[in-house]
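Structure, as structure tokens:
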Amino acid sequence: MVLSTQDYLLPTLNFSPFPKYSLFLLFEHRSALIMWMISTIIFDLNLTVVGVRFDDPDDRYKDKLGVSKKALFHAAVAHWEEFETGKFGQEELAQRIIKELNLSPEKGPETLRLLREDIYLVDGIEQILAGLYGKYRLIMLAGDGEDFLHAKLDKFNLKHYFSKIYCTCYEGIRKIDPQIYHNVLVKERIAPSDCLFIDDNPEFIGVAQSIGIHTILFANSSQLREDLEKFSIFI
């Protein structure tokens with residue numbers, strides 16, 4: 001949602017001798033209207049609800065695999081698009097990574113185990129989910145492979161917060177494609193103006209905005225609370 005001066009300032013000057021007071025009333029009215037319109041909040045998964053730690057201060061990856069965590073992540077990037085759109089699962093991803101790094105095939109299970117250990121819950125996000133649960137329809141739109149999707153949600157018992165979980169691995173397209181947002185809207189039978197989409201990726205935020213969905217660019221939970229209040233959504 002982006003308000004311009006044309007949205008609320010010019011009408012104020014036309015109907016009241018007290019422009020500042022009228023501006024306040026009209027802005028409050030628009031906020032209440034937006035609150036009434038938004039019935040569904042769509043959450044991203046990675047770096048919004050959960051994440052995977054990028055640092056490895058104890059050199060566990062070097063000790064267990066013989067390569068740094070940075071090297072492993074770099075190798076994964078080359079195959080991530082196919083993985084997150086459901087072309088193959090986690091075992092194939094692990095084998096591609098260790099092949100690229102010239103590691104023994106037996107390192108595959110250990111690679112996956114280390115990655116699962118490093119999954120963390122974003123600080124403060126569960127309190128926000130709990131505060132919204134029951135008041136709004138919460139949906140997840142994740143960009144991930146099926147195995148990682150369930151591993152991340154199950155580790156912190158988060159699935160019950162969401163009425164529906166959508167993912168790039170099921171849709172077969174990435175979140176940079178507007179079609180994935182249209183798919184969610186059609187399947188859920190909701191209008192773009194009824195939705196608020198929360199994601200840490202500016203590109204995905206831009207795509208959602210282009211089809212009329214309200215958005216919040218996520219940085220941290222404190223900032224998210226503040227931005228939710230701009231939509232008259234209070235935790």
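Does E91 meet the test of being at pLDDT 95 or above, surrounded by fewer than 19 Cβ atoms within 10 Å (Cβ to Cβ), of a type in the set (D, E, K, R) and in contact with a Cys (Cβ under 8 Å, 6 or more places away or on another chain)? Answer is no for this residue.
Of all the residues in segment 113-133, those that are buried (at least 16 other Cβ atoms within 10 Å of the Cβ), touching a residue at least 40 places away in the same chain (Cβ under 8 Å) and in a helix (DSSP H, G or I) number 6. Residues considered: F43, F83. Of these, the only one that is at pLDDT 95 or above, assigned by TED's automatic domain parsing to the domain that holds F204 and either out of contact with any Gly (no Cβ under 6 Å at 6 or more places or on another chain) or at negative phi (or both) is F43. Listed conditions (1) surrounded by 16 or more Cβ atoms within 10 Å (Cβ to Cβ); (2) over 16 Å from E81 (Cα atoms); (3) under 14 Å from the mean Cα position of the chain (by Cα) are all met by I180, apart from (2).
Listed here are the residues, each with its yes/no results for (1) assigned by TED's automatic domain parsing to the domain that holds T85; (2) in contact with an Asp or Glu (Cβ under 9 Å, 6 or more places away or on another chain); (3) in a helix (DSSP H, G or I).
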position: L153; (1), (2), (3): no, no, yes
position: Y170; (1), (2), (3): no, yes, yes
position: K175; (1), (2), (3): no, yes, no
position: I190; (1), (2), (3): no, no, no
position: S193; (1), (2), (3): no, no, yes
position: F197; (1), (2), (3): no, yes, no
position: F204; (1), (2), (3): no, yes, yes
position: V207; (1), (2), (3): no, yes, yes
position: Q223; (1), (2), (3): no, no, yes
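Restricting attention to segment 44-65, which residues are in a loop (DSSP other than H, G, I, E, B), surrounded by fewer than 16 Cβ atoms within 10 Å (Cβ to Cβ) and touching a residue at least 40 places away in the same chain (Cβ under 8 Å)?
Here is the first cut: in segment 44-65, the residues in a loop (DSSP other than H, G, I, E, B) are 44-45, 47-49, 53-59.
Going one step further and asking which of them are surrounded by fewer than 16 Cβ atoms within 10 Å (Cβ to Cβ), we end up with 47, 53-55, 57-59.
Answer for segment 44-65, where residues must be in a loop (DSSP other than H, G, I, E, B), surrounded by fewer than 16 Cβ atoms within 10 Å (Cβ to Cβ) and touching a residue at least 40 places away in the same chain (Cβ under 8 Å): L47, R53.
Here is the figure for segment 70-90: residues that are without any contact (Cβ under 8 Å) to a residue 24 or more places away in the chain and in a helix (DSSP H, G or I) total 9.
The values are calculated or read from the model by the stated rules, or taken from the named source; none is laboratory data. Being a predicted model, the structure only gives us computed values, none of them experimental. No Cβ is skipped: glycine too gets one built from the backbone with ideal geometry, and neighbour counts run over all protein chains shown.
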